[in-house]
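These notes are about the structure you will find just below.
The values are calculated or read from the model by the stated rules, or taken from the named source; none is laboratory data. Here the structure is a predicted model, which is why all the values come from computation and not from measurement. Here the Cβ positions follow ideal geometry from the backbone for every residue, glycine too, while neighbour counts run over all protein chains shown.
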Amino acid sequence: MTDIDILTLDVGQIIARHLDPDRLTQYWDLLMAENRKVNLVSRETSREAFDRMVAESLMPLDLLSSDFDSYLDIGSGGGLPAMILLLTGRIKGETWLVERTQKKTAALGRMLESLSLQALPIPRTFEEAPLARKFDLITLRYVKLTPQLLRRVLPALSPSGVFAYYSRPEFDLAFQNATVVSYRIGSEDFVKSLTLFRR
């Protein structure tokens with residue numbers, strides 16, 4: 001396991017590097033409309049808070065130089081990070097969005113269609129999803145990573161694939177091929193982590 005010194009995340013800069021502002025606003029509007037029907041994010045989420053979540057969602061792309069021919073997101077919810085990563089154009093191939101809640105899966109489908117994004121929402125748990133292929137990028141956010149879940153995720157990576165977990169696991173990573181990136185947003189004192197796993 002490798003730890004990287006604490007980075008400072010500039011929300012505006014990372015968004016500007018990766019996203020068309022009009023497309024981002026379109027997603028924000030769709031998310032807020034869907035959120036009135038299905039609980040996708042907190043009802044109190046402001047545009048400023050949303051932009052912070054977007055910037056954090058983009059962190060793997062800031063750290064990894066390649067594009068991805070296949071992508072799997074586990075526990076997709078309202079689409080963070082998956083919709084954001086798709087909006088960058090860096091995901092070039094097959095995309096699966098695994099979300100166990102049927103209403104959220106339906107909302108994801110409507111937003112994908114409105115944004116003309118190609119992805120397959122799968123209304124199952126990750127454990128139930130038929131993993132018939134390998135993925136270049138796998139993401140997990142807002143779901144706790146356990147050793148059991150990690151043992152299922154890593155074999156689903158392609159030989160050069162990366163698994164991005166938007167936190168720091170609570171178990172020992174001594175024997176894992178993992179890099180922990182710690183960061184703070186702007187001048188805040190609170191430090192968060194992103195963990196990148198490779199096979």
Criterion: more than 18 Å from residue 84 (Cβ to Cβ), among the small types (Gly, Ala, Ser) and out of contact with any strand residue (DSSP E or B) (no Cβ under 8 Å at 6 or more places or on another chain) - qualifying residue of 132, 178, 156: 132
Candidate set from the range 154-199 (those that are within 26 Å of residue 67 (Cβ to Cβ) and assigned to a loop (DSSP other than H, G, I, E, B)); member that is nearest to the chain's Cα centre (by Cα): 166
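Take residue 115 and decide whether it is closer than 21 Å to residue 18 by Cβ, touching a Lys or Arg at 6+ places or on another chain (Cβ under 9 Å) and not basic (Lys, Arg).
Values: closer than 21 Å to residue 18 by Cβ: yes; touching a Lys or Arg at 6+ places or on another chain (Cβ under 9 Å): yes; not basic (Lys, Arg): yes.
Yes.
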Residue match in the range 82-92 (condition: touching a residue at least 40 places away in the same chain (Cβ under 8 Å), surrounded by fewer than 18 Cβ atoms within 10 Å (Cβ to Cβ) and touching a His at 6+ places or on another chain (Cβ under 7 Å)): yes
Residue in the range 113-163 that is farthest from residue 100 (Cα to Cα), counting only those that are in contact with a helix residue (DSSP H, G or I) (Cβ under 8 Å, 6 or more places away or on another chain) and polar (S, T, N, Q): 114
Pairs, first closer than 11 Å to residue 27 by Cα and touching a residue at least 12 places away in the same chain (Cβ under 8 Å) in the range 100-125, second surrounded by fewer than 21 Cβ atoms within 10 Å (Cβ to Cβ) and polar (S, T, N, Q), C-beta under 9 Å, six or more apart: 112/118; 114/26; 115/26
The range 33-81 - residue that is acidic (Asp, Glu) and more than 16 Å from residue 15 (Cβ to Cβ) and, of those, surrounded by the most Cβ atoms within 10 Å (Cβ to Cβ): 73
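Let's see how each residue does on (1) more than 18 Å from residue 167 (Cβ to Cβ); (2) under 16 Å from the mean Cα position of the chain (by Cα); (3) at pLDDT below 95; (4) among the hydroxyl-bearing types (Ser, Thr, Tyr):
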{"position": "35", "(1), (2), (3), (4)": "yes, no, no, no"}
{"position": "44", "(1), (2), (3), (4)": "yes, no, yes, no"}
{"position": "48", "(1), (2), (3), (4)": "yes, no, no, no"}
{"position": "55", "(1), (2), (3), (4)": "no, yes, no, no"}
{"position": "73", "(1), (2), (3), (4)": "no, yes, no, no"}
{"position": "76", "(1), (2), (3), (4)": "no, yes, no, yes"}
{"position": "87", "(1), (2), (3), (4)": "yes, yes, no, no"}
